[in-house]
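Scroll down for the structure; my scribbles are underneath it.
The values are calculated or read from the model by the stated rules, or taken from the named source; none is laboratory data. Since we're looking at a predicted model, the values are computed, not measured. We place every Cβ from the backbone using ideal geometry, glycine too, and count neighbours over all the protein chains shown. Note: areas computed on protein heavy atoms with side chains; ligands, DNA, RNA excluded. Shrake-Rupley method; radii C 1.70, N 1.55, O 1.52, S 1.80 Å.
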Amino acid sequence: MPAALVTGAASGIGKATAERLRADGFDVLGFDLEDGDLSTREGNRAAVDAALERFGRLDVVVANAGIQHVSPVAEFPEDKWDAILAILLTSPFLLAKYAWDALQESSGRFIAVASAHALVASPNKAAYVAAKHGVLGLVKTLALEGLQATAVCPGYVRTPLVEAQIPDQAKAHGMSEDDVLEEVILAPHAVKRLIEPDEVANVIAFLAGPGGAAFSGVPVTMDLGWSAR
Ligand SMILES: NC(=O)c1ccc[n+]([C@@H]2O[C@H](COP(=O)([O-])OP(=O)(O)OC[C@H]3O[C@@H](n4cnc5c(N)ncnc54)[C@H](O)[C@@H]3O)[C@@H](O)[C@H]2O)c1
């Protein structure tokens, strides 16, 4: 049976992805904060080792775990910058490095959950936007070095990560929380709705399966028209 490691699997996109890959016949190890801290080298090593110990192989790595912080650059807490870069950019690098041999052996796939913010910026999200642009660069480099890698780039998805930023966005924009969803969160989408976690899991499952065989070194954009402008 093919085996997959999914980080950030306790919530949102990671949870939906782990469930979907299991339904598609993968053995899946979900890794989240309760299993280790992916902002450390040890945590990433532990995630890969745990999957290899349990399954003896690794066919798919989904680097998904993430956090957000909303603040203008002039006030952006430097510790938050470090934490966001560690989880969104360094963790995917370490996962690819530590899983390299196993993925070569299986002709496996590395799938980073990036974001529309890998392609376009928004104000007040310097660390997130920089890290997501960076992870697309990482995926391109992995592809050129011989690992089949893609970066899924969704617009806004209905998860706790988005719900948690509504109060901060309200503060940053001086708006009520009610208006933030309509006027800030959904403003860049040409189609005015949130994406569901299952829709992202579907795309990841496609990229992990036979349909994804020719994709490497590219963003796979699913942003309801955001980056068309
Ligand atoms: N929600 C969106 O609108 C959206 C859009 C585009 C991309 N993304 C990306 O999708 C990914 C998943 O986000 P989500 O929206 O499902 O968020 P979420 O908050 O629902 O889930 C993120 C998970 O990552 C885990 N995590 C965070 N830091 C960790 C750490 N140091 N070690 C281990 N686990 C850690 C959390 O515990 C959580 O379970 C992120 O990379 C995010 O940037 C989200």
Practice prompt. Could you list all residues from the range 198-229 that are open to solvent by 20 Å² or more (accessible area, probe 1.4 Å) and in a helix (DSSP H, G or I)?
Written response: Asp198, Glu199, Asn202, Val203, Phe206, Pro210, Gly211, Ser227, Ala228
Worksheet item: Where residues in the range 143-170 are in a helix (DSSP H, G or I) and among the β-branched types (Val, Ile, Thr), which of them is most open to solvent (accessible area, probe 1.4 Å)?
Response: Ile166
Fill in: Failed item in (1) under 28 Å from Pro188 (Cβ atoms); (2) out of contact with any strand residue (DSSP E or B) (no Cβ under 9 Å at 6 or more places or on another chain); (3) more than 15 Å from the ligand (Cβ to nearest atom), with Ala131 passing the rest
(3)
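Suppose we keep only residues that are in a loop (DSSP other than H, G, I, E, B) and more than 13 Å from the ligand (Cβ to nearest atom) within the range 2-31. Which one would you say is most open to solvent (accessible area, probe 1.4 Å)?
My answer is Asp24.
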Fill in: Any chance Ala83 is part of a helix (DSSP H, G or I), within 16 Å of the ligand (Cβ to nearest atom), small (Gly, Ala, Ser) and under 17 Å from the mean Cα position of the chain (by Cα)
yes
Worksheet item: Does at least one position in the range 149-159 carry a residue that is in contact with a Pro (Cβ under 7 Å, 6 or more places away or on another chain) and of a type in the set (S, T, N, Q)?
Response: yes
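Taking Gly66 as the residue in question, decide whether it is modelled with pLDDT of 95 or more and crowded, with 17+ Cβ neighbours inside 10 Å.
Considered against the rule, which asks whether it is modelled with pLDDT of 95 or more and crowded, with 17+ Cβ neighbours inside 10 Å, Gly66 comes out as yes.
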